Amino acid sequence: MDSGSLRHAFLNFFKERGHTIVPSSSLVPDDPSVLLTTAGMQQFKPYYTGAVDPFVSPHPTLGGKSLGSKNAASIQKSFRTSDIDEVGDERHLTFFEMMGNFSFGGYFKEEAIRYAYDFIVKEVGLKIDYVSVFGGESSVPVDEESERIWKSIDSDLVVKRFGRADNFWGPTGNEGPCGPTTEIYVNGIEIWNIVFNQYFQDRNGNLEPLKTPGIDTGMGLERLAMVSQDKSHVFETDLFSSLQSFLPSGTHSVAFRRTLDHMRAVSFLLADGVRPSNKEAGYVLRRLIRKTVLYEDRYKFSEDALRNILSVITQEYGDFYRELIENQNVILEAFAGEQQKFRKLVSEGRKRIHDLIKKKEEQSHFAVRVKEDFGSKSEHFINLISGDEAFDIYQTFGFPPELIEDELAQYAYSYHKEEFKQAFERAQQKHQEISRAGLERKFGGHGLLLDTGELKAANEEELQIVTRLHTATHLLQAGLRKVLGETVHQAGSDITVERTRFDFTYDRKLTPEELKSAEQLVNEAIEKDLSMEYKEMSFQEAIATGALYSPKEKYPARVKVYSAWNPQTKEVFSRELCGGPHVTHTGEIGKVKIIKEEGVAAGVRRIRAVLE
Ligand code: SER
């Protein structure tokens with residue numbers, strides 16, 4: 001079935017079964033807890049919590065009318081920023097159309113499963129490989145009821161039990177309705193997710209039974225089209241096929257898929273009023289446009305390729321999504337505006353790179369010598385552009401490291417690809433830490449450059465020192481826990497350019513030997529020059545890594561987990577939730593010396609330590 005027929009078949013199927021058909025809501029949601037609409041259920045959230053009555057309250061996408069039913073179905077424009085880096089494989093997309101049926105106390109497992117089976121098998125004519133149900137975990141039991149229902153429909157069907165990661169749906173790191181799921185697999189991929197909303201998850205991940213248990217299902221049109229059209233790729237379906245002809249043949253396949261994905265996303269975001277900017281949805285849009293312009297540049301697309309793709313998207317999707325037609329000119333103009341701005345930056349960035357290389361060649365006899373001695377076969381790495389310089393070019397011109405590499409590759413001598421990448425990443429990480437901490441800068445008041453509450457620095461030089469002391473403080477906590485045991489927890493800390501002051505729970509004075517051992521462990525960790533790296537994740541995921549945190553502190557939904565570790569052996573010396581900034585390698589700290597230990601309150605000790 002072509003994608004247009006699939007859309008109609010889906011909506012008709014549920015209309016005939018008493019569902020109110022609801023238009024897609026905007027990609028820019030009313031719900032401030034999410035940046036962009038990620039699922040069909042979003043516009044229905046208040047019905048599950050019982051906050052509004054489907055027979056009384058006007059529904060936002062139905063003008064002044066209420067749903068007039070406990071059951072609804074829609075095809076929702078959805079966008080998942082979390083999948084941006086996966087785009088380019090056979091089935092991940094940023095923008096996609098999510099088909100879904102919903103019920104708020106109207107029906108539950110029995111009907112939801114039968115509808116799904118009938119639609120997939122009888123309506124679309126597909127064969128189900130297998131289905132999965134929730135296998136049970138802590139307070140939520142195995143979903144035997146769904147298992148029984150599937151078997152009663154088709155006793156030969158394979159029903160697998162999966163864990164929480166696969167078969168429990170909830171808003172990651174956020175609050176909202178959630179519950180166990182059952183999923184349908186066809187041609188090896190998951191195509192339909194049927195959620196039994198039974199709980200409300202609060203921001204800390206606690207589950208409360210929901211006022212109006214119900215159904216929330218989601219099936220990506222692109223994946224359904226892929227299995228129905230028997231393709232091995234979403235990009236081979238009719239949803240994309242006419243767009244491909246504008247790209248030069250032989251375009252690197254990932255770049256090509258990303259371009260098509262991003263152009264659809266860009267069209268729909270612009271039609272919903274998003275404009276390129278440096279924050280939130282505008283920033284996502286800007287990144288997508290710039291990425292396609294980089295591909296355009298790198299793979300030599302024809303002058304009008306991207307513009308033509310936008311026009312075809314408007315024509316092909318405009319029947320179903322009128323907003324594309326209504327905003328056709330806006331889409332073309334806003335895209336072209338950002339494209340031009342970025343093309344100009346890219347050419348300035350390219351000039352900067354070449355100027356920089358020339359300058360270094362002139363300065364460096366070594367470079368010239370290597371060039372003569374080894375020619376293009378040289379294995380020698382010449383640090384033509386440092387990580388900091390590359391990052392600066394990226395920051396100023398939006399010229400990413402891959403393109404800088406392309407430029408470097410034009411020179412006769414080779415450079416070390418991996419080393420260059422790492423140097424860039426280190427520079428980027430350093431920058432992110434400093435700018436994150438900078439969000440908390442308080443100018444004026446006490447004239448400080450940085451004041452996170454914990455760290456204080458008056459200028460860049462002091463910032464470097466407190467950053468070293470900050471990492472030292474993490475090592476100190478880890479060292480103390482190794483010597484004194486895991487009852488040691490941070491009770492506060494204060495870092496100035498002179499020293500770190502670290503308070504922790506412990507019920508007696510430390511012996512000189514204990515202090516020596518802790519100090520020694522810290523200095524050993526420094527000598528090992530461990531990597532100090534962070535990963536961003538949800539608060540719950542962070543806790544699950546065993547990272548230390550203070551239960552009293554209020555953390556945001558997404559947090560950073562810093563580890564001082566050896567990435568080769570995976571040995572972790574210290575792991576904590578923290579906002580940074582930190583050094584990138586513990587070796588940068590130098591030597592740490594504990595200068596004082598005292599009691600400050602019942603069960604709380606205080607250590608002062610300095611850099612030697
Ligand atoms: N909310 C679920 C999902 O996004 C089902 O629609 O997968």
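Only the coordinates and a few stated rules stand behind these numbers; no lab work does. Everything numeric in this text was worked out from a predicted model, so none of it was measured. Because the Cβ atoms are built from the backbone with ideal geometry, glycine has one as well, and the counts that use them run over all protein chains shown.
Tabulated results
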{"item": "Total charge dipole magnitude, the stretch 61-161, about the Cα centre, Cβ charges on Lys, Arg, Asp, Glu only, Debye to nearest 20", "result": "460"}
{"item": "Length added when fully stretched, Lys570-Lys516, from 0.36 nm per residue minus Cα-Cα", "result": "16.8 nm"}
{"item": "Additional length obtainable on full extension of the chain from Ser241 to Asp494, 0.36 nm per residue less Cα span", "result": "85.1 nm"}
{"item": "In Hz, Karplus ³J(HN,Hα) per residue of the stretch 89-99 (6.51, -1.76, 1.60; θ = phi - 60°; x = Gly, Pro)", "result": "7, 7, 9, 8, 9, 7, 8, 8, 9, 9, 8"}
{"item": "Extension gain from Ile21 to Lys358, taking 0.36 nm per residue of separation minus the Cα-Cα distance", "result": "115.0 nm"}
{"item": "Check: the stretch 88-139 dipole with +1 on Lys, Arg Cβ and -1 on Asp, Glu Cβ, in debye", "result": "140"}
{"item": "Proximal charge balance of Glu418 [Cβ under 12 Å; K/R count +1, D/E count -1]", "result": "-1"}
{"item": "Net charge over other residues, Cβ less than 13 angstrom from the Cβ of Gly214 (K, R count +1; D, E count -1)", "result": "+2"}
{"item": "Most positive-pole-ward Cα, Val488, Leu475, Val604, against dipole of the chain from beta carbon charges", "result": "Val604"}
{"item": "Distance from the stretch 582-612 to the stretch 265-300 (C-alpha centre basis), Å", "result": "46"}
{"item": "Calculated FRET efficiency for the pair Ser550/Asp406, C-beta based, R₀ 45 Å, to 0.05", "result": "0.45"}
{"item": "Once exposed loop trypsin sites (Lys or Arg not before Pro) are cut out (DSSP; at most 12 other Cβ, 10 Å), longest piece of the chain", "result": "301-507"}
{"item": "Phi-based couplings in Hz for the stretch 278-285 (Karplus 6.51, -1.76, 1.60; Gly and Pro marked x)", "result": "9, 9, 6, 4, x, 6, 4, 4"}
{"item": "Under 27 Å from the Cα of Lys109 - lysines, other chains or at least 8 residues apart", "result": "Lys15, Lys45, Lys70, Lys77, Lys122, Lys127, Lys151, Lys160, Lys211"}
{"item": "Lysine pair number, Cα distance threshold 25 Å (strictly under), the stretch 460-612, separation 8 or more or different chains", "result": "29"}
{"item": "Unit charges at the beta carbon, dipole of the chain: most positive-side option, Met1, His354, Ile465", "result": "Ile465"}
{"item": "Label-point separation, Ser57 to Leu611 (7 Å along Cα→Cβ), nm", "result": "5.4"}
{"item": "Rg/Rg_ref, the chain, where Rg_ref = 2.2 N^0.38 Å and atoms are Cα", "result": "1.13"}
{"item": "Beta bridges by DSSP in the stretch 131-262, antiparallel share as percent, to the nearest 5", "result": "85"}
